[in-house]
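Engineer: I'd like to ask some things about the structure below.
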Amino acid sequence: MLEWVLSAALIMQPALQNKVGTAADAVPSPAAVMALPEDLRNSFRRDVIEATRFPEARLERLMEFVFDKNGLGIGYKADATLTIAEAVEARTANCLTSTMLVVALAREAGLAAHGQLVEGVPVWGAEGELVIQSRHANAIVDVGGRRRFVVDVDASGSEATRAVHPVEDTKLLASFYGNRAAELMLEGRYEAAKAWLDIAISHGPEDVALWNNAGVLSLRMGRPDEAEAWFLKVVQIAPDQVSALSNLVDFYRRQGDTAQMLEWRAKSERVLRKAPYHQYQLGWQSEMAGEPQVAVRHYRQAIRLARGEHRFHFALARTYFAMGRLGKADRELAQAHALTQGTLRASYGDKLATLRSLRRGAGRSPRD
């Protein structure tokens, strides 16, 4: 999880707390963020670089070195926005930190590697009354100039079959500093958050997600005029930025400016009707609330807007299965399977085989 896009919602006053991944006040330099500890470099050279000279074999050993329990055993934790050294010590990282680690090690092994920020696949959550929308990161590694792999903390080593969008290290750093700023904001440490966010914006001055978060932080620091300016700046550049639109609606409501609130609400609703991941989120909420018919409607709308997204088909299959509509569940699960590759495709294949076995046991054809 990376680059938290915050919606103001109802402003809360969270209690101060310490946890893994909680940002310290001292801001590390970019070099310190991505630096490999010397003992780690030595172990990596022995276990990976000196073990084989073949690029693809080095990548395979790299993944074992990072993720296997006999290696570093790096585990996933959503709020563990750590430097590489901190992640190695804690044996945990979020997708952004694991991406930086893989990129740094791949380059150490003589492989071409870059980070990738996966746009348009937000994950929604909440902290108290603050809504959080986040994006994903993974690493792109070229093997011998012939094959390219995506290495992901959730599904390591899948071969890249879709378009990939490598970014420069400065953008990864902007996301790192921005994540830390968001963590501090959630703890109520606003001055410290501002220091981190200012550095994030200096590394990613064009990133509207950071501008939006600057607006939320300005609100929390009692600077409404500054917050309004940030939100308006976002929508001038990115008119479909959902969080900024939502923040403007909430901002004008709090200011008692009904005309502006209604204007921005109308704009927001027009965008959300065409936002596939928003429809997906509404479907998930309905599914969790025990409203499968409503969930089906939202999931089908999400699929109409983005037919190539396997998550939507799997969610719809899951809902149909819970409703006892096994034929429809089979169809959607088969579609999810067809849209994926590697370990994820295998996982969907296992689920599909189980579903068809259940249907045969119930005396139904896998195609009915």
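Engineer: For ALA87, are the conditions met, namely being among the small types (Gly, Ala, Ser), under 30 Å from GLU183 (Cα atoms) and touching a strand residue (DSSP E or B) at 6+ places or on another chain (Cβ under 7 Å)?
Structural biologist: yes
Engineer: Also, quick follow-up: Being within 22 Å of LEU358 (Cβ to Cβ), part of a helix (DSSP H, G or I), without any contact (Cβ under 8 Å) to a residue 60 or more places away in the chain and small (Gly, Ala, Ser), is that true of even one residue in the stretch 293-310?
Structural biologist: Checked against the condition, which is being within 22 Å of LEU358 (Cβ to Cβ), part of a helix (DSSP H, G or I), without any contact (Cβ under 8 Å) to a residue 60 or more places away in the chain and small (Gly, Ala, Ser), the stretch 293-310 yields at least one hit.
Engineer: Among the residues of the stretch 81-104, write down those that are under 17 Å from the mean Cα position of the chain (by Cα) and either at pLDDT below 95 or of a type in the set (Asp, Glu) (or both).
Structural biologist: Once the filter is applied, which keeps residues that are under 17 Å from the mean Cα position of the chain (by Cα) and either at pLDDT below 95 or of a type in the set (Asp, Glu) (or both), the stretch 81-104 yields THR81, LEU82, THR92, ALA93, ASN94, CYS95, LEU96, THR97, SER98, THR99.
Engineer: Which members of the stretch 254-266 meet the condition of being closer than 18 Å to GLU226 by Cβ and surrounded by fewer than 16 Cβ atoms within 10 Å (Cβ to Cβ)?
Structural biologist: Passing the criteria: ARG254, GLN255, ASP257.
Engineer: I'm checking my understanding of the structure. Among residues of the stretch 202-224 that are without any contact (Cβ under 8 Å) to a residue 40 or more places away in the chain and open to solvent by 30 Å² or more (accessible area, probe 1.4 Å), which one is farthest from VAL33 (Cα to Cα)?
Structural biologist: Once the filter is applied, the top-ranked residue is PRO224.
Engineer: Could you please let me know if ALA90 is crowded, with 20+ Cβ neighbours inside 10 Å and either in contact (Cβ under 8 Å) with a residue 40 or more places away in the chain or under 30 Å from GLU191 (Cα atoms) (or both)? Break it down stepwise before answering.
Structural biologist: Values: crowded, with 20+ Cβ neighbours inside 10 Å: no; either in contact (Cβ under 8 Å) with a residue 40 or more places away in the chain or under 30 Å from GLU191 (Cα atoms) (or both): yes.
Taking the combined requirement at face value, the residue does not satisfy it.
Engineer: Buried (at least 17 other Cβ atoms within 10 Å of the Cβ) and either assigned to a loop (DSSP other than H, G, I, E, B) or modelled with pLDDT of 95 or more (or both): is that true of GLU228 in this structure?
Structural biologist: On the way: buried (at least 17 other Cβ atoms within 10 Å of the Cβ): yes; either assigned to a loop (DSSP other than H, G, I, E, B) or modelled with pLDDT of 95 or more (or both): yes.
Against the criterion (buried (at least 17 other Cβ atoms within 10 Å of the Cβ) and either assigned to a loop (DSSP other than H, G, I, E, B) or modelled with pLDDT of 95 or more (or both)), GLU228 qualifies.
Engineer: Does VAL249 fit the bill of being open to solvent by 10 Å² or more (accessible area, probe 1.4 Å) and at pLDDT 90 or above?
Structural biologist: So VAL249 does not fit the description; no.
Engineer: Yes or no: TYR177 within 30 Å of ARG297 (Cα to Cα) and among the aromatic types (Phe, Trp, Tyr)?
Structural biologist: Considered against the rule, which asks whether it is within 30 Å of ARG297 (Cα to Cα) and among the aromatic types (Phe, Trp, Tyr), TYR177 comes out as no.
Engineer: Next question. Identify the single condition in (1) open to solvent by 40 Å² or more (accessible area, probe 1.4 Å); (2) modelled with pLDDT of 90 or more; (3) not aromatic (Phe, Trp, Tyr) that VAL296 does not satisfy, given that it satisfies every other one.
Structural biologist: Result: VAL296 passes all but (1).
Engineer: Let me ask something else about it. Check the stretch 153-170 and report whether any residue there is within 29 Å of PRO28 (Cα to Cα), within 15 Å of the chain's Cα centre (by Cα) and modelled with pLDDT of 85 or more.
Structural biologist: no
Engineer: Shifting gears a bit: Pairs under 8 Å by beta carbon, first residue within 17 Å of GLN281 (Cα to Cα) in the stretch 312-336, partner open to solvent by 30 Å² or more (accessible area, probe 1.4 Å) and outside any helix (DSSP H, G or I), six or more apart or different chains?
Structural biologist: Partner pairs satisfying both residue conditions: HIS313/LEU339.
Engineer: OK, next. Could you please find all residues in the stretch 42-59 being within 17 Å of ASN70 (Cα to Cα) and not in a helix (DSSP H, G or I)?
Structural biologist: ALA51
Engineer: Something else now. Would you mind stating whether MET1 is modelled with pLDDT of 90 or more and touching a Ser or Thr at 6+ places or on another chain (Cβ under 6 Å)?
Structural biologist: No; evaluated as a whole, the condition is false for this residue.
Engineer: If you go through the stretch 322-333 one residue at a time, do you hit one that is open to solvent by 60 Å² or more (accessible area, probe 1.4 Å), closer than 30 Å to ASP240 by Cβ and either part of a helix (DSSP H, G or I) or at pLDDT 90 or above (or both)? If you could, list the steps in order and put the result at the bottom.
Structural biologist: Here is the first cut: in the stretch 322-333, the residues open to solvent by 60 Å² or more (accessible area, probe 1.4 Å) are 322, 325, 328, 331.
In the following step, the residues that additionally are closer than 30 Å to ASP240 by Cβ were identified as none.
Taking every residue of the stretch 322-333 in turn, none turns out to be open to solvent by 60 Å² or more (accessible area, probe 1.4 Å), closer than 30 Å to ASP240 by Cβ and either part of a helix (DSSP H, G or I) or at pLDDT 90 or above (or both).
Engineer: For residues that are over 20 Å from PRO292 (Cα atoms) and of a type in the set (Gly, Ala, Ser), scanning just the stretch 335-356, find the one that is modelled with the lowest pLDDT.
Structural biologist: For the stretch 335-356, the residue satisfying everything is GLY342.
Engineer: Let me ask something else about it. Got a number for residues in the stretch 308-352 being touching a strand residue (DSSP E or B) at 6+ places or on another chain (Cβ under 7 Å) and either among the small types (Gly, Ala, Ser) or more than 20 Å from ASP152 (Cα to Cα) (or both)?
Structural biologist: Qualifying residue count, the stretch 308-352: 1.
Engineer: Looking at this structure, is ARG146 closer than 30 Å to SER29 by Cβ and surrounded by fewer than 24 Cβ atoms within 10 Å (Cβ to Cβ)?
Structural biologist: Answer is no for this residue.
Engineer: For the stretch 334-350, which positions are outside any helix (DSSP H, G or I) and more than 12 Å from PHE314 (Cβ to Cβ)?
Structural biologist: GLN341
Engineer: Residues to consider are GLU287, GLU269, GLU191; find the one that is charged (D, E, K, R), within 30 Å of ARG304 (Cα to Cα), in a helix (DSSP H, G or I) and open to solvent by 50 Å² or more (accessible area, probe 1.4 Å).
Structural biologist: Only one candidate passes the filter, namely GLU269.
Engineer: Please specify each residue of the stretch 168-192 satisfying the condition of being more than 21 Å from MET100 (Cβ to Cβ) and among the hydrophobic types (A, V, I, L, M, F, W, C).
Structural biologist: MET185, LEU186, ALA192
The values are calculated or read from the model by the stated rules, or taken from the named source; none is laboratory data. Small disclaimer: the values here were computed from a predicted structure and weren't measured. With ideal geometry, Cβ positions are generated from the backbone for all residues, glycine too; neighbour counts draw on all protein chains shown. Just the protein is used for accessible areas: all its heavy atoms, side chains included, with ligands, DNA and RNA removed. Shrake-Rupley method; radii C 1.70, N 1.55, O 1.52, S 1.80 Å.
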